[in-house]
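The values are calculated or read from the model by the stated rules, or taken from the named source; none is laboratory data. Predicted model only: the values in this text are computed from it and were never measured. We place every Cβ from the backbone using ideal geometry, glycine too, and count neighbours over all the protein chains shown. We work out accessible area using only protein heavy atoms, side chains counted, and drop any ligands, DNA or RNA first. Shrake-Rupley method; radii C 1.70, N 1.55, O 1.52, S 1.80 Å.
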Amino acid sequence: MSQDSPSFETTPGPSGETHQHVPNGGPHDAGLAHLTTNQGLRISDNQNSLKAGRSGPVLLEDFVLREKIFHFDHERIPERVVHARGHGAHGVFECTRAIPELTKAGLFAETGKKTPVFARFSTVAGGAGSIDTPRDVRGFAVKFYTDEGNWDIVGNNIPVFFIQDAIKFPDLVHAVKMEADKGYPQAASAHDTFWDFISLMPEAMHMVLWQMSDRTLPRSPRFMEGFGIHTFRLVNGAGEGHLVKFHWKPVLGIQSTTWDEATKIAGADPDYHRRDLFETIERGAFPQWELGIQVFDDGWAMEQPYDVLDATKLIPEEVVPVTIIGRMTLDRNPDNFFAETEQSAFCPANVVPGIDFTADPLLQGRLFSYLDTQKSRLGTTNFHQLPINAPRCPFQNFQRDGMMQMGVPHGRANYEPNSLFEQGEPTGPRECAETGFVTFPDAAQRDDSCARLRMRPELFDDHYSQARLFYRSQTPVEQSHLASAFVFELSKVDLEHVQQRMLTRLAAVDMDLAHRVAKGLSLPLPAPAKSAAPVFDMDPSPALSILSAGQPRMNGRTIGLLFAEGSSRDSIERMRDAIEAQQGRVVLVSQKVGLQEVRDGTLKADAKLEGSPSALFDAVVSIIPPEALSALRSDHTAREWFADAYAHCKTIGACPATLRLLGEWGIAADDGVTNLQDFPHVAPARHWAREPRVRLLA
Ligand code: HDD
């Protein structure tokens, strides 16, 4: 490690990477048995403050009390202005296909090369204490601790964005967050100011179609795609550049919940996603994503009917296929949520040689914002020295001092060039023309006048073609979810002129969609909004639909198994084995928790029925004896358990006694209500044909 980088110890973590500890004898020295003050003084009594006599008052002299309360009073730091609620994990990225012909970045130089990573998933609008499952875009940020410095892909689970130019970001965020006067709603876009702003921003149409699709109701981060969104630049050793878009593909496939499910999960378990990730990693079922790239050159880009530097546009995978080049495995939970997840500081400007930016005006604004926000959130320009943010490779320069400086640089030279010698060599680091980062000389200067203009490129004016592409690429089930989401959100808007204006935008996207939404709101269908540029039809892209990929697999899914006293333990264990053989997981649910008498022994329930609604599971199965029926009949929670599973189109595995109960409750048997034998083969499938029977869809 260099002389003026912070002198943290490094030890290998489970991913084979090194991970940093606070220096010896630091505040969390696990070896220390005694409680001490922050000055290292042993504390004799941590239960009582120092008083004048037995009944007080408390003395100002009590420095132990004062230090403890002083520190506690300042425990909170400002939450992120967006993406405040999130959770993360450590892991490793492995290059599975070297691409030296495209980039000189060391992490892609050799197949098999491993790079430690930290990933953080987040919602955008809600505060740090909000829920995990609102309808919201999800952040998907990954920090690669490469040998050449940190590289961050700070992306989302949607491949496009609301706005084209960073100058609109504060307006967007103000509009979506709690309304300025009311201070609500929390973590929700279904309110006046959001839709007022959106309806005035036709460039947001493509993104809001994604936002109203099931993509914003992910089952958990394990089932989410991630996207770098912007077009970036890859540069190889010969200095040649290619344009690139980054994609993360979940190995378990993409899956979402329904809206009703998401709202019920929010009540039952506001931490559903962070719990899912944490517990899955604890169990050793490490989630994985493949990293893919779409590569194209400047000439090709210039021929497209859309601008690849416009973040509201995507390139269909059917047009430029995604090539998989690596795999990320998240295999270690943070030791401490605050120190790691909360203090993690991502920044799209963190790149390594071989990866560069483009002139995308949204990206360009981001390059400023993230560094700036860390100063306000983490309080010091030295936030990069925190273990979670520090590069794992040596780093050194002549930046000095600042609040909370952890490094202790030695010597006199704190400037460059200098001619102070140490053992015959000039002191300190020097720039390196050969291996240092060099900005790619962007040949694609599209506007050679280089005039300073507050304008956007012409192709940025087409706001509707790709929104239409998205709608028309969805299956009918997804289209009805999307239209219903618009009806729901706009039903929460009190301003009729905003609803009307939004309908004109939707009409410009697709008349069928607009018609459904207008009908759902009992409003007349207006004429389409005028488009600033010609709108054209693109070939539908099945890759944009979640359901086109087929039914979910058992791998990584959780099945709720209801049992009662007197159930057959043997049947339950056979069911569990069949599910676990396909990498599924079973949670045993019962009206009572703890150990219970069953027909052939005892069985411990993992969860109480009340508090474990079926919304928490991917499918449910019930193995109960006839004598349990009367207790279940009079239990409203039991009834809801099955009724919700049915309404959320989930598979219900039913023993004969359960079938009787379902019949009494009017829960109609259909393809998705199976016997115990068939259940393990169809369990994770959703039975969408059922949906029109249980929900009024737009
Ligand atoms: Fe941003 C955080 C993703 C546009 C300004 N953003 C943040 C995070 C993610 C994104 C995932 C959370 C990182 C973490 O987990 O700590 N942001 C995006 C994407 C965008 C985008 C995919 C568009 C393609 N963002 C964007 C713009 C600006 C910002 C245009 C400002 C001009 N974003 C920020 C920020 C945040 C942030 C204020 C808040 C906390 C932080 O940076 O560290 O600087």
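Mind checking which residues of segment 370-394 are open to solvent by less than 50 Å² (accessible area, probe 1.4 Å) and within 14 Å of the ligand (Cβ to nearest atom)?
If the condition is that a residue be open to solvent by less than 50 Å² (accessible area, probe 1.4 Å) and within 14 Å of the ligand (Cβ to nearest atom), then T373, Q374, R377, L378, G379, F383, L386, I388, N389 are the ones that fit.
Can you name every residue in segment 576-597 that is more than 28 Å from the chain's Cα centre (by Cα) and open to solvent by 10 Å² or more (accessible area, probe 1.4 Å)? Step through it out loud before you land on a result.
Pass one, segment 576-597, residues more than 28 Å from the chain's Cα centre (by Cα): 576-578, 581, 588-597.
Across segment 576-597, the qualifying residues are R576, D577, A578, A581, Q591, K592, V593, G594, L595, E597.
Output the residues belonging to segment 346-355 that are more than 9 Å from the ligand (Cβ to nearest atom) and open to solvent by 10 Å² or more (accessible area, probe 1.4 Å). Don't jump to the end; show me each part of the working.
Restricting attention to segment 346-355, the residues satisfying the condition of being more than 9 Å from the ligand (Cβ to nearest atom) are 349-355.
Residues satisfying the conditions are A349, N350, V351, P353.
Going through segment 81-102 one residue at a time, which ones are farther than 30 Å from P270 by Cβ and either near the ligand (Cβ under 10 Å from one of its atoms) or hydroxyl-bearing (S, T, Y) (or both)?
T96
Mind listing whichever residues of segment 111-154 are away from the ligand (no atom under 16 Å from the Cβ) and hydrophobic (A, V, I, L, M, F, W, C)?
I131
If you go through segment 31-80 one residue at a time, how many are part of a loop (DSSP other than H, G, I, E, B) and either away from the ligand (no atom under 16 Å from the Cβ) or over 30 Å from T123 (Cα atoms) (or both)? Step through it out loud before you land on a result.
We begin by selecting, within segment 31-80, every residue part of a loop (DSSP other than H, G, I, E, B); these are 31-35, 37-41, 43-50, 52-57, 59-62, 74-80.
In the following step, the residues that additionally are either away from the ligand (no atom under 16 Å from the Cβ) or over 30 Å from T123 (Cα atoms) (or both) were identified as 31-35, 37-41, 43-50, 52-57, 59-62, 74-75.
Going through segment 31-80 one residue at a time, the tally reaches 30.
List every residue pair whose Cβ atoms lie under 7 Å apart, where the two residues are 6 or more positions apart in sequence or sit on different chains, the first residue falls within segment 139-151 and is at pLDDT below 95, and the second residue, located anywhere, is more than 9 Å from the ligand (Cβ to nearest atom) and open to solvent by less than 10 Å² (accessible area, probe 1.4 Å).
none
What's the number of the only condition in (1) more than 13 Å from S622 (Cβ to Cβ); (2) modelled with pLDDT under 95 that I667 fails to meet?
Of the numbered conditions (1) more than 13 Å from S622 (Cβ to Cβ); (2) modelled with pLDDT under 95, the odd one out for I667 is (1).
I need the full set of residues from segment 96-117 which are under 24 Å from T280 (Cβ atoms) and either in contact with a helix residue (DSSP H, G or I) (Cβ under 7 Å, 6 or more places away or on another chain) or among the hydroxyl-bearing types (S, T, Y) (or both), in order please.
Matches in segment 96-117: T96, T115.
Determine, yes or no, whether G299 is outside any loop (DSSP other than H, G, I, E, B), open to solvent by 10 Å² or more (accessible area, probe 1.4 Å) and either more than 16 Å from the ligand (Cβ to nearest atom) or among the β-branched types (V, I, T) (or both).
Answer is yes for this residue.
Looking at segment 421-441, is at least one residue among the polar types (S, T, N, Q), within 14 Å of the ligand (Cβ to nearest atom) and loosely packed, with under 14 Cβ neighbours inside 10 Å?
Here is the first cut: in segment 421-441, the residues among the polar types (S, T, N, Q) are 423, 427, 435, 439.
Cutting the leftovers down to within 14 Å of the ligand (Cβ to nearest atom) gives us none.
No: segment 421-441 contains no residue that is among the polar types (S, T, N, Q), within 14 Å of the ligand (Cβ to nearest atom) and loosely packed, with under 14 Cβ neighbours inside 10 Å.
Of all residues in segment 104-139, how many are of a type in the set (K, R) and touching a Phe, Trp or Tyr at 6+ places or on another chain (Cβ under 8 Å)? Before you say what the answer is, go through the steps one by one.
Initially, segment 104-139 is screened for residues of a type in the set (K, R), giving 104, 113-114, 120, 135, 138.
Now restrict to residues that are touching a Phe, Trp or Tyr at 6+ places or on another chain (Cβ under 8 Å): 114, 120, 135, 138.
So the count comes out to 4.
Can you spot a residue in segment 211-233 that is among the aliphatic types (A, V, I, L, M), within 16 Å of the ligand (Cβ to nearest atom) and over 26 Å from A647 (Cα atoms)? Spell out the reasoning first.
Of the residues in segment 211-233, the ones among the aliphatic types (A, V, I, L, M) are 212, 217, 224, 229.
In the following step, the residues that additionally are within 16 Å of the ligand (Cβ to nearest atom) were identified as 224, 229.
From the residues that got through so far, the ones that are over 26 Å from A647 (Cα atoms) too are 229.
Within segment 211-233 (the criterion being among the aliphatic types (A, V, I, L, M), within 16 Å of the ligand (Cβ to nearest atom) and over 26 Å from A647 (Cα atoms)), the answer is yes, since at least one residue qualifies.
Of all residues in segment 356-367, count the ones that are within 21 Å of Y145 (Cα to Cα), touching a residue at least 24 places away in the same chain (Cβ under 8 Å) and within 13 Å of the ligand (Cβ to nearest atom).
In the first step, residues of segment 356-367 are kept if they are within 21 Å of Y145 (Cα to Cα); the result is 356-357, 366-367.
Still in the list and also touching a residue at least 24 places away in the same chain (Cβ under 8 Å): 356-357, 366.
Those still in the list that are within 13 Å of the ligand (Cβ to nearest atom) too: 357, 366.
Count: 2.
For every residue, the table says whether it meets (1) within 16 Å of the ligand (Cβ to nearest atom); (2) outside any loop (DSSP other than H, G, I, E, B); (3) at pLDDT 95 or above.
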site	(1), (2), (3)
K249	no, yes, yes
G253	no, no, yes
I265	no, yes, yes
P270	no, no, yes
R274	yes, yes, yes
I281	no, yes, yes
G284	no, no, yes
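Got a sec? Which helices (runs of 4 or more DSSP H) wholly within segment 462-570 have at least 2 residues that are under 26 Å from F642 (Cα atoms) and modelled with pLDDT of 95 or more?
Details: elements: 465-472, 476-491, 496-509, 511-521.
Answer list for segment 462-570: 476-491.
Within segment 558-575, work out how many residues are closer than 12 Å to A683 by Cα and surrounded by fewer than 22 Cβ atoms within 10 Å (Cβ to Cβ). Spell out how you get there, then give the answer.
Filtering segment 558-575 for residues closer than 12 Å to A683 by Cα gives 558-561, 575.
Filter again for surrounded by fewer than 22 Cβ atoms within 10 Å (Cβ to Cβ), leaving 558.
The number of residues fulfilling the criteria is 1.
Just one of K113, K168, K143 is within 15 Å of V352 (Cβ to Cβ) and open to solvent by 10 Å² or more (accessible area, probe 1.4 Å); which is it? Walk me through it before giving the result.
On the way: K168 fails: within 15 Å of V352 (Cβ to Cβ); K143 fails: open to solvent by 10 Å² or more (accessible area, probe 1.4 Å).
Sole residue among the options that is within 15 Å of V352 (Cβ to Cβ) and open to solvent by 10 Å² or more (accessible area, probe 1.4 Å): K113.
Using the structure shown, decide if F232 is under 25 Å from L362 (Cβ atoms), open to solvent by 10 Å² or more (accessible area, probe 1.4 Å) and aromatic (F, W, Y).
Working: under 25 Å from L362 (Cβ atoms): yes; open to solvent by 10 Å² or more (accessible area, probe 1.4 Å): yes; aromatic (F, W, Y): yes.
When the stated conditions are applied, F232 passes them.
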